Amino acid sequence: MKRNVGPDNRIPDRLGRLWELANDLSWTWNPAAPALFRAIDPPLWRRTRRNPVALLRAIGNTRWNELADDDGFLRRYDVACHARDRVSGGGESAAPTWFDRCYPEFAESPVAYFCAEFALHESIPIYSGGLGVLAGDHLKAASELGVPLVGVGLMYAHGYFDQTLGPDGWQEDADDPLDPDLTPLEQLQGADGVPWLASLQGGGRRIHIGAWKLRVGRVSLYLLDTDLEENDPADRGLSHQLYAGGADHRLRQEAILGVGGVRVLAALGIEPGAWHANEGHAAFMMVERVRRLVRDGQSFADAVSRIRASTVFTTHTPVSAGHDVFSHAQMREWIGETFWEEIAHRDELLGLGLHPDDEAQDRFHMTAAAIRLSRRVNGVSARHGRVSREIWRGLWGDRAAGEVPIRHVTNGVHLATWMSDDIAGLLDEWLPGEWRHGPGDEAVWRAVRDVPAEALWHVRRRLKLRLLDLMREEARRRWPDHWPESAHLAGAGTLMSPEPLTIGFARRFASYKRADLIFRDRDRLLALLSDPARPVQLIFAGKAHPRDDDGKRVLQRVYEHTRDPEFEGRVAFLENYGLHTAHGLVEGVDLWLNLPRVPLEASGTSGMKAALNGIPQLATADGWWEEGFEGDNGWIIPSAPAAASEEKVDAHDAEHLFRLLEEEVIPLYYDRPGGGSGDDAPAGWLAHARRAIEVAGARFTAGRMVRDYARDYYVPSLRGDA
Ligand SMILES: *Cc1c(COP(=O)(O)O)cnc(C)c1O
């Protein structure tokens, strides 16, 4: 583990709070902070990937002296500091939060929130995709609402990978290492100044666990780290990379997260009153808590029922590869000493992870264990709730699905993170004053209908131009190294123009997400893209998991189409999908496309981000869209007959996709009063855009989601309701 060198003390006193601003991730949604950091040194801001800690460390004394004398800068600095106090609850403006007002009796009872990944900012690459973004947005919304949450995750010092495509479109993965000195991390110390706070026994060795603290407004996130000199070299890498290594590695990593997390919180003196496992990776958190109660003298059955009462579990996917299963032999080898060196209940503990439908009765199913040990279990959309009740009813002796006690909280996205400043500024003019912070009130959001079409169109065009700029910027940065060929440059979107209807498709390249569905009928697509009167262009982005060769092949096929000269540069692939490129896409395209094979997408959240920016979605009737589609905020592909083969389903969905594009989407986009010039606002299209904002703002924000969790899951757990 690298040691943190501490604050940068060359910053002039008058600007002394810059360090504090940079070291609290609430800067990412502070309306004044990003522009303030950028103004310090714009090229450096870009080069550091908009990382304020790295930026401040790199600024020289001359520049500091200039800034300390720059009245305009000082004014902006004061505004950003004031906003930080509001966002983080410091300073004199500390008003009671939503949670304080509703549940004052629990304001001091922390909820521990465990997740294997957190996406908070692009400069902290400890996430791979949707689960991490959801967890990051959860922390941000909890901070705003004052929900007393503490996050627990892992410190992936080697980061998630950086994606580039080779000349053949094959994904190349490089580490994206995280330097603690350039990240807003505070290193915590154990008793007597040792760098670990807890340890566990595994594989015959003691594994020490250190921790770093990240501040997210009012919320703290603790990241666990095994990369300590005190550890055996084979154990130091346990926390290096996200979702890397084989089954043993994964098991051990999940033990660090679950068991280590409980022990580190105890070492820090934090005593959560409720515990939330966001996905099954964290199920050992529950097992460890059972173990501790049994060790302290409770019966096994009592321990299980006590842990259940205070535990919440959210399952995130119906795809079976998303549910970890470990053999009992593996469990014995790697965590046996942890779990039963002090208690004699080996079979009972292993039994917590049995699945009645699994013929092999010697395997530990993480999701089954999490469900058994949680009084409150939920899926992440109404549809996913139904699907989960069906999938897991075996755990209740094949009870009718309707009777299975799994509910749902539909996901949401953090408004201040995902709505562009341009759209928010427009809404400031037309919505009631407190629209950003209110409880997602339908009446407040109805006022979006009053936003004039021309004003919205103006903002939408500006956002599209910015996306095209972003693509050129990325191309400029990469072409000297990777792109001797012109085709690669065209495929990066450099030939795209602002007039055509621009469709975005960005997500992980898993085969059920069907990035290649639209290429099933090349001629029909060609006719769509190259109609001179009504052109269309398509932008793809996304990573395949480093070991998912099927996903990489789908990506490669999509990439081949970007090089097809007949498509005239109207199909692009934007490399290295992450938070930054995601922002560009969910703000800048005209239409968001989402084509999961129903019912495999539990929720999906990128369409919500797009909707908040006035981008309607066209999607299959899956995940959040089944409940979010209102008839006039986008388009839906009706579900194929239930018994159809995969091939038939794909053909059915592709047919509807083309029909909707040809007959509804494209004509509406090009229906302009003045006969089609780009300056004329398409009224019908913008009605969809406004409804997209209205529906997403009222129902699909992380503020609404975290309020739901607090009211229906956390507070009942804190109260110990049966
Ligand atoms: C929002 C987001 C996701 C999740 O999007 P889905 O629609 O759930 O696929 C994945 N990656 C990034 C970078 C995101 O911003």
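Details
- Spans of strands (runs of 3 or more DSSP E) in the stretch 190-274 with at least 1 residues without any contact (Cβ under 8 Å) to a residue 60 or more places away in the chain and buried (at least 19 other Cβ atoms within 10 Å of the Cβ): 205-216
- Residue among 657, 618 that alone is touching a Phe, Trp or Tyr at 6+ places or on another chain (Cβ under 7 Å) and either in contact (Cβ under 8 Å) with a residue 12 or more places away in the chain or part of a helix (DSSP H, G or I) (or both): 618
- Some residue of the stretch 474-495 being among the hydrophobic types (A, V, I, L, M, F, W, C), modelled with pLDDT of 95 or more and more than 16 Å from the ligand (Cβ to nearest atom): no
- Hits in the stretch 490-517 (condition: touching a helix residue (DSSP H, G or I) at 6+ places or on another chain (Cβ under 6 Å) and either within 30 Å of residue 322 (Cα to Cα) or without any contact (Cβ under 8 Å) to a residue 40 or more places away in the chain (or both)): 504, 506, 507, 509, 510, 511, 515, 516, 517
- Candidates 601, 627, filtered to the one that is closer than 26 Å to residue 450 by Cβ, within 24 Å of the chain's Cα centre (by Cα) and within 16 Å of the ligand (Cβ to nearest atom): 627
- Subset of the stretch 373-386 (residues that are surrounded by fewer than 22 Cβ atoms within 10 Å (Cβ to Cβ), touching a residue at least 40 places away in the same chain (Cβ under 8 Å) and assigned to a helix (DSSP H, G or I)): 382
- Selection of the stretch 634-649 for residues being more than 16 Å from the ligand (Cβ to nearest atom) and not basic (Lys, Arg) yields 635, 638, 639, 640, 641, 642, 643, 644, 645, 646, 647, 649.
- Screening residue 543 with (1) away from the ligand (no atom under 14 Å from the Cβ); (2) buried (at least 17 other Cβ atoms within 10 Å of the Cβ); (3) charged (D, E, K, R) gives one miss only, at (1).
- Listed by position, the helices (runs of 4 or more DSSP H) contained in the stretch 387-465 that have at least 1 residues being away from the ligand (no atom under 16 Å from the Cβ) and touching a Pro at 6+ places or on another chain (Cβ under 6 Å) are 442-446.
- The residues of the stretch 622-634 that are surrounded by fewer than 23 Cβ atoms within 10 Å (Cβ to Cβ) and either in contact with a His (Cβ under 8 Å, 6 or more places away or on another chain) or in contact (Cβ under 8 Å) with a residue 24 or more places away in the chain (or both), listed by number, are 626, 627, 630, 632, 633.
- Criterion applied to 73, 99 was being more than 26 Å from the chain's Cα centre (by Cα), touching a residue at least 12 places away in the same chain (Cβ under 8 Å) and surrounded by 11 or more Cβ atoms within 10 Å (Cβ to Cβ), and the one residue passing it is 73.
- Residue that is surrounded by the fewest Cβ atoms within 10 Å (Cβ to Cβ) [pool: residues in the stretch 604-615 that are away from the ligand (no atom under 11 Å from the Cβ) and part of a loop (DSSP other than H, G, I, E, B)]: 613
- Filtered residues of the stretch 310-326 (kept if surrounded by fewer than 18 Cβ atoms within 10 Å (Cβ to Cβ) and within 22 Å of residue 709 (Cβ to Cβ)): 322
The values are calculated or read from the model by the stated rules, or taken from the named source; none is laboratory data. Predicted model, so just to flag it, every value in this text is computed and none were measured. Counting neighbours? That spans all protein chains shown, and the Cβs are built from the backbone with ideal geometry, glycine included.
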